[in-house]
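Before any comments, here is the structure.
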Amino acid sequence: MKTTFAERHIAAENPSAEGVKSSERGQMNVLLVPLILVSLVLIGVAYFGYWAYEGRQDYKNNVDQKVAAATQVSNQQLTVKLNAQFAQEEKNPLKTYAGPSPFGSVQFKYPKTWSAYVDVDSTSDTPVDGYFYPDVVPATGADDTSTSSTNFALRIQVLEQDYSTTLQNYQSQGGVTINPFRMPKVPSVVGVMITGQIQSSKTGTLIVLPLRTATLEVWTESPQFLQDLTKTILPSFTFSP
């Protein structure tokens, strides 16, 4: 196809028209990426500003409720702490239990807020049978169903059964951990500390010690009283082997 003189003249004057168009498209593509990034940044800044503004408005509108809620939580925590501290201080000064000399002259200290009931019967297979509990000791009769449901703070027994036989009975049952143990004030006597399911329906910590031809047992029937056992009773516990 023939070209006119005008067309040839224009082509001669603009030999790189197509190249210019390609260059312009490349420049537009290069500028597009920063433009997108700047747009994303602006959107992010706008979102952050909106979030900060909403948070400020929420705080401004609900500051009284927030302060009241925080104060209530703080007061509750302080009350719990003070009640625990008061309960601990109420246990002092400590009481002292002193058992009969024919059965080892057992002696130890326990909280004054506890009451004690100790049955001593030299004709029984359990000549010393003691119950300790905060405030008032619940019924302890063997035929009383409430006894089995009460987790006593402290129990103490002297059994007319030798230590080896008693220990074998505990070793044969499951659900317990047995470790060697010595009373801090009677280190010459080695017994065991048993933790876990010490009875069919009770979980606690039990100390079993040889006492001449008999066996001495001291235990708590609830983790609730474990600190009293380990911090007060055992450190003060003495007996005559």
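Odds and ends about this structure:
- Which listed residue, of Gly191, Gly196, is farther than 28 Å from Glu89 by Cα and in contact with a Lys or Arg (Cβ under 8 Å, 6 or more places away or on another chain): Gly191
- Residues being over 27 Å from Thr113 (Cβ atoms) and either under 22 Å from the mean Cα position of the chain (by Cα) or not hydroxyl-bearing (Ser, Thr, Tyr) (or both) - total across region 209-241: 5
- Filtering Ala69, Ala84, Ala52 for residues that are aliphatic (A, V, I, L, M), part of a helix (DSSP H, G or I), open to solvent by less than 80 Å² (accessible area, probe 1.4 Å) and modelled with pLDDT under 65 leaves a single hit, Ala84.
- Of all residues making up region 103-119, the number that are open to solvent by 70 Å² or more (accessible area, probe 1.4 Å) and touching a Ser or Thr at 6+ places or on another chain (Cβ under 7 Å): 3
- Qualifying residue in region 180-192 (condition: within 12 Å of Arg155 (Cα to Cα) and within 26 Å of the chain's Cα centre (by Cα)): no
The values are calculated or read from the model by the stated rules, or taken from the named source; none is laboratory data. Predicted model, so just to flag it, every value in this text is computed and none were measured. Cβ coordinates were reconstructed from backbone atoms using ideal geometry, including for glycine residues, and neighbour counts include every protein chain displayed. Just the protein is used for accessible areas: all its heavy atoms, side chains included, with ligands, DNA and RNA removed. Shrake-Rupley method; radii C 1.70, N 1.55, O 1.52, S 1.80 Å.
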